[in-house]
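J.: My structure is below; once you've seen it, I'll send some questions.
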Amino acid sequence: MSVSEGIQAEPCEVSVSRQNGWVVLRVVEEEIDLYMAENFKAAIQGEMKDAVPMVIDLSQVKYLDSMTLGALVTAHKQVRHLGGLLHIVSSYEGIARMFEITGLHRVFELFDTLESATASKPGV
């Protein structure tokens, strides 16, 4: 029985674009919680099939729950397995603090802007 069994999934709006050779998933939500985490994970998985490296732009997000952090960790492992990179964009102090408290600041490189996250050419 999964943790999310019985939970009614809600949409998580994510736009997809390309910038400087990177696939950019921009989350257009202020929070991603238990109800959105599965759809968030599905959006990442859908883009991972064809394209790495990837940037997940959380610049509009003010809250993430543990399920969402788990989806990010899973994505990180899969992208690394494929030989790619995964960058996270968030300038919100609360998100950076959550990454620090959970130790994920040692796993992910957080960038303040999309431009800084995509500044390097993939593979360089």
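J.: Do the sum for the chain: with -39,500 (n - 2.57) for every DSSP H run of n ≥ 4, divided by all residues, what is the mean residue ellipticity at 222 nm, to the nearest 500 deg cm²/dmol?
T.: Calculated at 222 nm, the ellipticity per residue is -11000 deg cm²/dmol.
J.: Return P(r) of the range 4-119 (all Cα-Cα pairs; 5 Å bins starting at 0; whole %; ordered from short to long distances).
T.: Going from the shortest bin to the longest, the percentages are 2, 12, 24, 27, 22, 10, 2, 0, 0.
J.: Give me the dipole magnitude in Debye, nearest 20, for the range 74-124 about the Cα centre, with unit charges on the beta carbon: positive for Lys and Arg, negative for Asp and Glu.
T.: Taking the Cα centre of the range 74-124 as origin, the dipole is about 280 debye.
J.: Averaging sequence separations of C-alpha pairs under 8 Å and six or more residues apart, then dividing by the length of the chain, give the relative contact order as a whole percent.
T.: On the way: 204 pairs, mean separation 30.2, N = 124.
Relative CO of the chain lands at 24 percent.
J.: Over 19 Å, how big is the tail of the calculated P(r) for the range 75-122, in percent of all Cα pairs?
T.: Roughly 28 percent, once rounded to a whole number.
J.: For the range 21-76, what ratio Rg/Rh do Cα atoms give with a Kirkwood hydrodynamic radius? Mind showing how you got there, number by number?
T.: Values: Rg = 10.7 Å, Rh = 11.4 Å.
For the range 21-76, the value is 0.94.
J.: Are there DSSP H segments in the chain that both extend 15 Å or more along their axis (alpha-carbon positions) and score a mean Kyte-Doolittle hydropathy of at least 1.0? List them, or say none. Please list the in-between numbers first.
T.: Details: long enough: 34-48 (22 Å, 0.05); 66-81 (22 Å, 0.04).
TM-like helix candidates: nothing returned.
J.: Still on this structure: Cut-off 10 angstrom, C-alpha nodes, Gaussian network model of the chain. Which of 59, 15, 90 fluctuates the most?
T.: The residue that fluctuates most here is 15.
J.: Now for a separate question. Which of the GluC sites (Glu not before Pro) found in the range 1-104 are in a DSSP loop and have at most 15 neighbouring Cβ atoms, other than their own, within 10 Å?
T.: Values: sites: 5, 13, 29, 30, 31, 38, 47, 93, 100; in loops: 5, 13, 29, 30.
For GluC sites (Glu not before Pro) across the range 1-104 that sit outside H, G, I, E and B with at most 15 neighbouring Cβ atoms in 10 Å, the list reads 5, 13, 30.
J.: Hey, quick one: spin label on residue 113, modelled 7 Å out along Cα-Cβ, who in the range 64-88 has an amide N within reach, i.e. under 13 Å?
T.: No residues fall inside that zone.
J.: Also: Calculate the dipole size of the chain relative to its Cα centre from +1 charges on Lys and Arg beta carbons and -1 charges on Asp and Glu beta carbons; express the result in debye to the nearest 20.
T.: 600
J.: Going toward the positive end of the dipole of the chain, with +1 on Lys and Arg Cβ and -1 on Asp and Glu Cβ, which of 83, 56, 44 do you reach last?
T.: Ranked along the dipole, the leading option is 83.
Read-outs throughout are calculated quantities, based only on the coordinates presented, and are distinct from any laboratory measurement. Model, not experiment: these values are computed from the prediction. We place every Cβ from the backbone using ideal geometry, glycine too, and count neighbours over all the protein chains shown.
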